[in-house]
Amino acid sequence: MSVPVLLDPHRDMVTDLLSAAAPLASSSDLPATAPRSQTRGDGLLIMSKGLGVRHVLLAFLQIHADPRNLVFLVNTPSREVEQLQEDLMTVTAARTPSEDSADQVHPGMLKIINNETPANERAVLYLMGGIIAVTSRILVVDMLNKVVPLELITGIMVNHAHRVSDASTEAFILRIFREKNKIGFIKAFSDEPESFVNGFWKLERTMKLLFLRSVFLWPRFHVKVDAAIERSGRADLVELRVPLTRSMKEIQTSLVECMEQCLAELRRNNPTIDAEDFTVENAFFKSFDSILRQQLDPIWHRIGQKSKQLVNDLKTLRKLLSYLVSYDCVTFNSFLETILTANSTDPTAVFRSEATSSPWLLLDAAHTLFSVARQRVYKKRPGASGSAVDGVPPHIEPVLEEQPKWRVLQNVMREIEAERKRMRDHGEGSVLILVDGDRTCSQIRDILSGLDLTVIKAEAQERKTSIANKSKGVASRKRQRDNSEVIDVDEVEVPEAGGSSAAANANRSKALMHGSNGTGQLLRRLLRYYFRWKGGLSKVTKNLFRRKDQKTDSISGGASRGGASVARGRGGGGGGGRGNAPPNKRRRVRGGGNAGSSDTGRHNHGGGESELAATFEEEAAEVAAFLNQSDQRQESSNGTFDKPSEDQLDPTSYKDCYGIMETPELVTVRPYASSSNSIAGGSASNGDDDARALEELRPQWIVMYDPDVGFVRRVEIFKAQHPEMRLKVYFMVYDNSVEEQRYLSQIRKEKGAFEKLIREKATATSDELQVMAVPVDQDGRVQEDPDEVFWRGLDTRLAGGQTIPAADANKVIVDVREFRSSLPSLLHARRINLAPCTLEVGDYVLSPTLCVERKSVSDLISSLKSGRLYTQCEAMSLHYKTPVLLIEFDRDKAFSLVTAGEVRGDISGWDVGSRLTLLVLSFPKLRIIWSSSPEATAEIFEDLKKNQEEPKIEVAMAIGVENVETVESAYSITPSNVLRSLPGINSKNYRHIMARAENLKEVSEWTIEQCQEVLGQEFGRMLYNFFRTDPKEDG
């Protein structure tokens, strides 16, 4: 991998944030000096997504990678840290020997500290200096325990600053840092401008938490950014607007109508909420879920079950819109049928939901959705008979409509291959295909695996020469714009399978073989899996709900009645072909209307039989019967597949056809990092993985199968960094679709966010300093009043003449596991001294006699079910005079365990209130405190601390430990947490396990005699069975 090149905008960003006092350890590519100002290098950098925040962050790592510095990098996932470490090593290896050794990046100066690093090793790493990437929870504990030399810290860099909130651990770290260090810098980075405009004055509140007074904005439309991209020349862009098929248009229109009706019903049921943002356009994005919960969480306990179901339905409909353009027709129909069975009213349905059925299923648009989606996959031929074709029942006529982008992608690959042949003399280049999601990536690989690239099909030639040929089914129109071209590909109709009854099997075979090699194989395989799944579902239904006198007809009849409530009506509720684009779509369109049906959301209460009346369960039973007969015939035929023997396999015969490909010849298909679970775990990944892929592969052709705003900018930056490369980009998007609407809305939202941020920053008092109108002491550098410091450190309470040091006064001992919550940060903000350690009993120790076990609502319910709370209350009652159970609710949610309609008059073993009652009866000393929020909890703790003796950390750590000498370090908690979560392990016996075994692997290999020897008969058997149980076989 090559060293990333800093463009002029990147250098300007570094200059804005660079402190004049920082010792430079970088090459001449970085600015050697920085302007001296009162900001001292502090600042918040906000840039557009994809402009290269990784390059700026890497530049600062080069600058401070010196043992004379001590710089912390926080709020960065482990995968990103590993990538930055690798990039820094690449930069170090690229240094020339002639450079001054004093200005070189020191190897190994980016150290990583996580939960596997011992406490004594962390203390040594802090004193060695350099750049340390550390998890926030470990750093705040080390700061409170004075393991970190706060006065020696050069600065702190906060990545992903948009995630910092008043309850985050990063804000806690910066507050501790600024109290003891007035000189070190604080730099924050973010590429999510939309996050800073949600709510009231979000930017100023975030800057206050970060102790910053300066903000630097770099949008894509910044003059310097645009000039840097134009200077190196843009990549050749081919924009392919792929039309949706007629059935996809009907499905999209139906889904949008269902979303409109759900939003309208939600507004009608909750007239008191602010529904200004409850629009269909906003509902296309995942961020709409947070907008909904922000409005509904405070009244969640008062809204009805129907409104809660509508919130879930909006998520489901948004996913279906994405699945429509991402997944094949078979998979999409499977999702719909799963939703249908989940809302079935039949008591024998496998996925029957106890909650209220989704209201949108009763709409005419839903009828159109289900019927058209099924017609894309197959059609039923009642009364048909004959033999099976490729595992498909005889009464099924396959249709298997291809995704329109598949054919266009194949033509693009043929065109690239032809261009490769013409450029053989100039060297070949690789191809990079980017898709949205791992599943789509797998499908595209299957489609391209059997594609013949040696011959350009007629469709590709027609698209290339722009010759309209309707008989071939493809036509194209080109519109030149600068160095890019926009191509509209007309709709390709898939021939419908059908015919007379005499040629039924021949037609079905022809329908199964339609499409190209890769797409045909993929769809046929998915269709076989689909019918296997459907037939197996019928078997599960019979096994679960079989009665002595129950027959298959009754099951089918029940399913029909359940499906009729969803499918009743005469179909067509989508408004037909009147509108193809979303109703509220605002974009430049060359002709065409953007109408949406407005009257198709009515409920149809007619009693006529529809096409969906013969529903899922009936078809499942028919498919199951056919599969049973097919399996019996296969067993009786005794036909086996003859595998070739090893003697028949000649390894030398493969040498001419197979081998290791050179990198320039590769065709790489990979998902966008932000949409993949295989790259970095979904939310833990970001677009930096895509930027690194561009640097590593250096493709000559890029095919963007799905649009992504961030990756478009990364391609622009990559081309600007490598102006000598010839790069061609194919940008594919469904024309007049929700996919295009989502892409355009994302660009418009980002632009609007920057415009709002620029207006906020326009209140600057000086154009030179670019400092917002914020308090002078907001950066925390102003020295405090000595009188205030004196009186705050003075303890005026004389406990019988005893003098208590100020550092030990008003102290609360906190278990280190509690630093996952926001309560320790709120306690510290109230000037309460925190002493982190590992507690065996309780979570907070306020005095020698007062111990508190804090439970959130979810933790309370799980602890009551598992019995862990009983053990914890027993330990607190044994060692403390006043044990307290604190039940803490979320700030933005209802202060209630149950709603008014869920209150029961009798005692139930499954009811939370009944279990709490039994808990209090079992432990009379136990006190229960109800807290509405973490802020209220901090205030309660402050009141409980009054007139109480100060606890001692040595005594608190020893409580509950049978042997005081076995108290571990206060921070090595991960192995013990995993061990204590296993069956048969509790707070009393887990230390015996740790003393006998080296690690968890050794425990898993113990015999049952060894387990029972350490834990006893019952607990030993539970632990032994846990390690020997196969979760797949455990029903």
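Of all residues in the range 829-864, those satisfying the criterion of being part of a helix (DSSP H, G or I) and either in contact with a Gly (Cβ under 6 Å, 6 or more places away or on another chain) or over 17 Å from D943 (Cβ atoms) (or both) are V857, S858, D859, L860, I861, S862, S863, L864. Which of the residues that make up the range 111-126 are under 14 Å from N145 (Cβ atoms) and among the aliphatic types (A, V, I, L, M)? The answer is A119, A123.
I'd like the full set of residues that are among the aliphatic types (A, V, I, L, M) and closer than 22 Å to L57 by Cα, limited to the range 162-200. Break it down into steps so the answer makes sense when it comes.
First, pick out the residues of the range 162-200 that are among the aliphatic types (A, V, I, L, M): 164, 167, 171, 173-174, 176, 183, 186, 188, 197.
Within the range 162-200, V164, A171, I173, L174, I183, I186, A188 qualify.
Number of residues in the range 266-286 that are open to solvent by 60 Å² or more (accessible area, probe 1.4 Å) and in a helix (DSSP H, G or I): the value is 3.
Okay, residues lined up against (1) at pLDDT below 55; (2) hydrophobic (A, V, I, L, M, F, W, C):
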| site | (1), (2) |
| --- | --- |
| L649 | yes, yes |
| S653 | yes, no |
| P664 | yes, no |
| V669 | no, yes |
| S675 | no, no |
| I679 | no, yes |
| A684 | yes, yes |
| D688 | no, no |
| M704 | no, yes |
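Could you tell me whether the range 958-976 includes any residue that is closer than 26 Å to T117 by Cβ, at pLDDT below 80 and touching a strand residue (DSSP E or B) at 6+ places or on another chain (Cβ under 7 Å)? Checked the range 958-976: at least one residue is closer than 26 Å to T117 by Cβ, at pLDDT below 80 and touching a strand residue (DSSP E or B) at 6+ places or on another chain (Cβ under 7 Å).
The set of residues in the range 702-726 being under 21 Å from R241 (Cβ atoms) and of a type in the set (A, V, I, L, M) consists of I702, V703, M704, V709, V712, V715. The single condition from (1) in a helix (DSSP H, G or I); (2) at pLDDT below 90 that E724 fails is (1).
Scanning the range 83-92 for any residue that is out of contact with any strand residue (DSSP E or B) (no Cβ under 6 Å at 6 or more places or on another chain), open to solvent by 40 Å² or more (accessible area, probe 1.4 Å) and at pLDDT below 90 turns up at least one such residue. Filter the range 1-23 down to residues that are open to solvent by less than 50 Å² (accessible area, probe 1.4 Å) and at pLDDT below 60 and give me whichever is farthest from T90 (Cα to Cα). Among them, the one singled out is A20. Set side by side, the residues E230, E250 differ, and just one is of a type in the set (D, E, K, R) and free of Cβ contacts under 8 Å to residues at least 12 places away in the same chain, which is E230. Note on the range 137-155: residues that are assigned to a helix (DSSP H, G or I) and either within 31 Å of the chain's Cα centre (by Cα) or buried (at least 18 other Cβ atoms within 10 Å of the Cβ) (or both) amount to 8.
Okay, residues lined up against (1) assigned to a helix (DSSP H, G or I); (2) touching a Gly at 6+ places or on another chain (Cβ under 7 Å):
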{"residue": "I173", "(1), (2)": "yes, no"}
{"residue": "E179", "(1), (2)": "yes, no"}
{"residue": "I186", "(1), (2)": "no, yes"}
{"residue": "L212", "(1), (2)": "no, yes"}
{"residue": "A227", "(1), (2)": "yes, no"}
{"residue": "R234", "(1), (2)": "no, no"}
{"residue": "E239", "(1), (2)": "no, no"}
{"residue": "I251", "(1), (2)": "yes, no"}
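Beta carbons closer than 9 Å, at least 6 apart along the sequence or on distinct chains, pair a first residue in the range 115-136 that is open to solvent by 50 Å² or more (accessible area, probe 1.4 Å) with a second that is part of a helix (DSSP H, G or I) and hydrophobic (A, V, I, L, M, F, W, C) for N115/I138; L127/L152.
Scanning the range 918-935 for residues that are surrounded by fewer than 17 Cβ atoms within 10 Å (Cβ to Cβ) and closer than 14 Å to V852 by Cβ turns up K925, R927, I928, I929, W930. Any chance the range 707-716 includes a residue that's out of contact with any Lys or Arg (no Cβ under 9 Å at 6 or more places or on another chain), open to solvent by 30 Å² or more (accessible area, probe 1.4 Å), at pLDDT 90 or above and among the aliphatic types (A, V, I, L, M)? Yes, the range 707-716 contains at least one residue that is out of contact with any Lys or Arg (no Cβ under 9 Å at 6 or more places or on another chain), open to solvent by 30 Å² or more (accessible area, probe 1.4 Å), at pLDDT 90 or above and among the aliphatic types (A, V, I, L, M).
The values are calculated or read from the model by the stated rules, or taken from the named source; none is laboratory data. Since the model is a prediction, treat every value here as computed from it, not as a measurement. Glycine gets a Cβ as well: all are built from the backbone with ideal geometry, and neighbour counts include every protein chain shown. When the accessible area is computed, the model is the full protein with side chains, heavy atoms only, and any ligands, DNA or RNA have been set aside. Shrake-Rupley method; radii C 1.70, N 1.55, O 1.52, S 1.80 Å.
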